[in-house]
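*Asks:* Pasting a structure here, questions to come.
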Amino acid sequence: MASSPVIKALGLNISQNPLEVNPGTLSEASNIIIRRDDVVESRRGFGLYGTAFGISSDRAKQLANYKLKILRHYSNKLQVEGSVNNDGDVEFFDLDGTVVETQTGLRVKSIEANGNFYVTTNEGIKKVSVKSNSDFSTSTKIRKAGATQALDLRGRTSTTLGFQGGFLPQNSLVSYKVVWGEVDANNNTLLGTPSEAFTVYNYQIDLLLQDYNRLLSA
């Protein structure tokens, strides 16, 4: 059977016309790349980076970069790259906490801002905060972004009978609120939602005593 050389390489065609096939059309292509017209080259593979994680069915759902370190998310774990082991592989280790995507099949989204790493989860926005990449460890926490909301106050006054001193004059009142705050590893000051106001009254005792005496004499 006569044959003719093929000097064209058009690439893979999975929807060929059975009546006419263009010269150089490929029905199957394995590990090749066409970077220049009509030139077929072997496609170099990709080297594995990092140690294995999880079980054989686990896959990295998302990759991110923070403080010049690669973070990878799989299952409900967030890992960061560490040192190189004796085999020449980069070891990854878990951070302290969990990260679950907002919806199954939807990858988490992340951003580095204010020196912190913020990531979307099914529990809201979480963050990782370290000063430098040398501060990463297995005890580095993945925590909710923001500060703690304060609970409402309850209290009572403590006075001595007949004592009229103190910072609060008669016929006056003062209110208190609680606000929880913190400064993170990158010197960001975070303030939570304040509590409801708790008010302390100092009634005008002299008038109250006069009213009380009038009540007794009535």
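*Asks:* With the requirement that a residue be in a loop (DSSP other than H, G, I, E, B) and more than 43 Å from the chain's Cα centre (by Cα), what does segment 163-196 give you?
*Replies:* Once the filter is applied, which keeps residues that are in a loop (DSSP other than H, G, I, E, B) and more than 43 Å from the chain's Cα centre (by Cα), segment 163-196 yields Phe163, Gln164, Gly165, Gly166, Phe167, Leu168, Pro169, Gln170, Asn171.
*Asks:* If I ask for residues that are outside any loop (DSSP other than H, G, I, E, B) and at pLDDT 80 or above, which ones from segment 17-50 would you list?
*Replies:* Thr25, Leu26, Ile32, Ile33, Ile34, Arg35, Arg36, Val39, Val40, Glu41, Ser42
*Asks:* Working carefully through the options Ile70, Ile111, Ile55, Ile14, find the one that is surrounded by fewer than 16 Cβ atoms within 10 Å (Cβ to Cβ), under 27 Å from the mean Cα position of the chain (by Cα) and not in a strand (DSSP E or B).
*Replies:* The match here is Ile55.
*Asks:* Can you tell me which residues in segment 71-114 are among the basic types (Lys, Arg) and under 18 Å from Lys144 (Cβ atoms)?
*Replies:* Correct list: Lys77, Lys109.
*Asks:* In segment 17-36, what residues are surrounded by 10 or more Cβ atoms within 10 Å (Cβ to Cβ) and either closer than 28 Å to Phe46 by Cβ or of a type in the set (A, V, I, L, M) (or both)?
*Replies:* Val21, Gly24, Thr25, Leu26, Ala29, Ile32, Ile33, Ile34
*Asks:* Then there is this: Every residue in segment 37-47 that is under 38 Å from the mean Cα position of the chain (by Cα) and surrounded by 10 or more Cβ atoms within 10 Å (Cβ to Cβ), please.
*Replies:* Arg43, the sole residue that qualifies.
*Asks:* Now, a different point. With the requirement that a residue be closer than 16 Å to Leu71 by Cα and in contact with a strand residue (DSSP E or B) (Cβ under 7 Å, 6 or more places away or on another chain), what does segment 116-137 give you?
*Replies:* Asn116, Phe117, Tyr118, Val119, Lys126, Lys127, Val128, Ser129, Asn133, Phe136
The values are calculated or read from the model by the stated rules, or taken from the named source; none is laboratory data. All of these numbers come straight from a predicted model, not from anything done at the bench. Cβ sites come from the backbone with ideal geometry, for glycine too, and all protein chains shown count toward neighbours.
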